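The block underneath contains the structure these notes are about, expressed in structure tokens.
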Amino acid sequence: MSELLQYIVTGLTTGSIYAIVALGFVTIYSVTKVINLAQGEFVMLGGMLMYTLSAAGLPYWIAFFLTIPLVMVFGMLLERIVIRPAKGADALSLIILTIGASIFIRGIASMIWGKTPKKVEPFTSNDPIQFAGASVTPQSLWVMLIMLVVVLGLYFLVEKTVIGKGFQACSANPLAARLLGISPARMSLLSFGLSAAIGALAGMAIAPILYPSFDVGLMLGVKGFSAAIFGGLGSSPGAVIGGLTIGLVESLGAGLIDSGLKDAIAFGVVLLILLIRPSGILGEKSVGKGGL
Amino acid sequence: MLSTQPMLQVEDLQVYYDQIQALAGVSLEVHEGEVVALLGANGAGKTTLLHTVSGLISPRKGKVTFKGEEITRYQPEKIVTLGIGHVPEHRQIFGTLSVKDNLILGAYHHYKKTGKNKVDEEIEKMYELFPILKERESQLAGTLSGGQQQMLAIARALMTNPKLLLLDEPSLGLAPIIVKEVLELIRRLRDELGTTVLLIEQNVFASLKISDRAYVIQRGEIVKQGSSRELLDDEEVREAYLGHKAV
Ligand SMILES: Nc1ncnc2c1ncn2[C@@H]1O[C@H](COP(=O)(O)OP(=O)(O)O)[C@@H](O)[C@H]1O
Ligand SMILES: [Mg+2]
């Protein structure tokens, strides 16, 4: 019983990270229809920059809040240098471009940071809290909290602000948006910046649990992407459900069946869902809506 | 009524889609306070002309001047801020957003400057002009009927605070009784809000009735122009466009 609870806690923690990464995919996709497979690299950069800045002697929270704009600038550069010049290319070419960009970024990262994982301190003292026989680290709670903050922040931005409505307008009808003075080019840039910030948050939140190395973005990117697809790609609630489901399936699969099979089990469940509902669990309702 | 300098001046506009010429040297002008109709068959180049004026397409040759400023190669996002509102063909409302959000987005380019309270007041004004939109305020725009969507598209463009309103076939696909309502509204916009209008229509008779002047475009060229009254009596126009409708 307490073992099961432990698997669930672990699953919810990694699932929250997958959910945040998935929200990054959704943010870019719903504004620009670009599937940015370099999303995982934002996560990697978040963890690595956090490590470098605090190792350079900056106070922990200053390093934290400096990492976010740095990764944002990085996301915007990616949009300007890689995505913008390819405007009008078909979806598949754009995906391939983002894969190329992510390989490039990973290569540079391995040159800068080497191949060894980096140790990053937790947000707060990390003495596990005992809870019904399971132990929960405060960092796990932070991860879940950050996921909630990202979800609510995105909801507020997209639904309640004029900029957010502009995001939705560009997604629904770019031509009509331009005639109202809403620039799809600028919204695309903003969505990459926003998505990079979200990725950076995920990277910093998970770093104390999963010491990051240059290639951490690959697996997190793939899992986050699966979560986004699972949830319907254009849907934020779908991304969260997708992330948590994959995290739970993975952790329960590893604990109850075989830890070597955890990825196979997670992807198996995603494939199964997509066979039953090709548009993802919340797909039909939300695709094209933009944002949430 | 005609001031000396036209509000909108289009000179020798040539527009191509790859090799295909869509406009072959079009010139026209719209003066402040006028309702000008641009008439022509399907494929004549009417939409292309409006797209060029509002910056969605760049011309190969020619010049567009608005209130004395050359805007030929400006981006649409900039042109709307100068005071040209464009109601595009097929309405193009944001179907997945609420009616009210569509109107808020109309105010996008001046939202910060105007402020939320003032924008809300402007939206209320639109509701006075189009009471049905008030009733449907929180409904998704995609659930409106064709006529209501057209009203919303016009109201959304008015929210940009245009001096000149470009209307691309507002009567397309509407029931005849709604067509009449929409066209009468255009007249009211000019009379009540002082909006200058360049109207594209295939509905020749009705648009000649509500406009002051008109141009007839054929295969990318202006083939006739004059006061709407003259054109209503013009033999060729009557034969080509009015058929049995004109009695
Ligand atoms: N995006 C486009 N690509 C290629 N040709 C186009 C495009 N849009 C319009 N055309 C062509 O340009 C000409 C004028 O079209 P348009 O301006 O839409 O006419 P109208 O609005 O008067 O019906 C037509 O021959 C049309 O086929
Ligand atoms: Mg047309």
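The values are calculated or read from the model by the stated rules, or taken from the named source; none is laboratory data. Owing to the predicted nature of the structure, the values given are computational and were not obtained by experimental measurement. Every residue, glycine as well, gets a Cβ built from its backbone with ideal geometry; the counts of neighbours run over all protein chains shown. Ligands, DNA and RNA are stripped out before the accessible areas are found, and what is left, the full protein with its side chains, is counted by its heavy atoms. Shrake-Rupley method; radii C 1.70, N 1.55, O 1.52, S 1.80 Å.
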Going residue by residue through the stretch B:9-31, is there one that turns out to be within 16 Å of ligand 1 (Cβ to nearest atom), within 14 Å of another protein chain (Cβ to nearest Cβ) and touching a helix residue (DSSP H, G or I) at 6+ places or on another chain (Cβ under 9 Å)? no
Run down A:Ser195, A:Ser251, A:Ser226, A:Ser191 and say which single residue is within 27 Å of A:Thr32 (Cα to Cα), touching a helix residue (DSSP H, G or I) at 6+ places or on another chain (Cβ under 6 Å) and open to solvent by 10 Å² or more (accessible area, probe 1.4 Å). A:Ser226
Among the residues of the stretch A:229-236, is any within 15 Å of A:Val149 (Cα to Cα) and surrounded by 24 or more Cβ atoms within 10 Å (Cβ to Cβ)? yes
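Conditions (1) in a loop (DSSP other than H, G, I, E, B); (2) farther than 21 Å from B:Val30 by Cβ; (3) open to solvent by less than 10 Å² (accessible area, probe 1.4 Å); (4) modelled with pLDDT of 85 or more, marked per residue:
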site: B:Gly142; (1), (2), (3), (4): no, yes, no, yes
site: B:Gln149; (1), (2), (3), (4): no, yes, no, yes
site: B:Pro162; (1), (2), (3), (4): yes, no, no, yes
site: B:Leu166; (1), (2), (3), (4): no, no, yes, yes
site: B:Leu174; (1), (2), (3), (4): yes, yes, no, no
site: B:Arg188; (1), (2), (3), (4): no, no, no, yes
site: B:Ile200; (1), (2), (3), (4): no, no, yes, yes
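Only one residue in A:Met147, A:Met111 is surrounded by 12 or more Cβ atoms within 10 Å (Cβ to Cβ) and either modelled with pLDDT under 95 or not charged (D, E, K, R) (or both). Which one?
It is A:Met147.
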Residue count for the stretch B:46-74, restricted to those that are within 16 Å of ligand 2 (Cβ to nearest atom) and polar (S, T, N, Q): 4
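For (1) touching a Ser or Thr at 6+ places or on another chain (Cβ under 7 Å); (2) without any contact (Cβ under 8 Å) to a residue 12 or more places away in the chain, each residue gets a yes or a no:
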residue	(1), (2)
B:Gly62	no, no
B:Lys67	no, no
B:Arg73	yes, no
B:Glu77	yes, no
B:Ile84	yes, no
B:Ile104	no, no
B:Tyr111	no, yes
Inside the stretch A:73-100, the number of residues satisfying the requirement of being open to solvent by 60 Å² or more (accessible area, probe 1.4 Å) and assigned to a helix (DSSP H, G or I) is 12
Selection status of A:Leu201, closer than 25 Å to A:Ile103 by Cα and either modelled with pLDDT under 95 or in a helix (DSSP H, G or I) (or both): yes
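Show me the strands (runs of 3 or more DSSP E) entirely contained within the stretch B:33-129 in which 2 or more residues are open to solvent by 40 Å² or more (accessible area, probe 1.4 Å) and closer than 20 Å to B:Glu11 by Cα.
Passing ranges, in order: B:61-66.
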Using the structure shown, decide if B:Gln5 is open to solvent by 50 Å² or more (accessible area, probe 1.4 Å), among the polar types (S, T, N, Q) and in a loop (DSSP other than H, G, I, E, B). yes
Would you tally the residues in the stretch B:95-126 being within 12 Å of chain A (Cβ to nearest Cβ) and over 20 Å from A:Arg178 (Cα atoms)? 2
Criterion (of a type in the set (Val, Ile, Thr) and open to solvent by 50 Å² or more (accessible area, probe 1.4 Å)) met by exactly one of A:Ile62, A:Ile35: A:Ile62
Between A:Asp215, A:Asp258, which is more than 25 Å from A:Thr32 (Cα to Cα) and at pLDDT below 90? A:Asp258
Return yes when B:Val26 is away from ligand 2 (no atom under 13 Å from the Cβ), crowded, with 18+ Cβ neighbours inside 10 Å and farther than 17 Å from B:Leu164 by Cα and no when it is not. yes
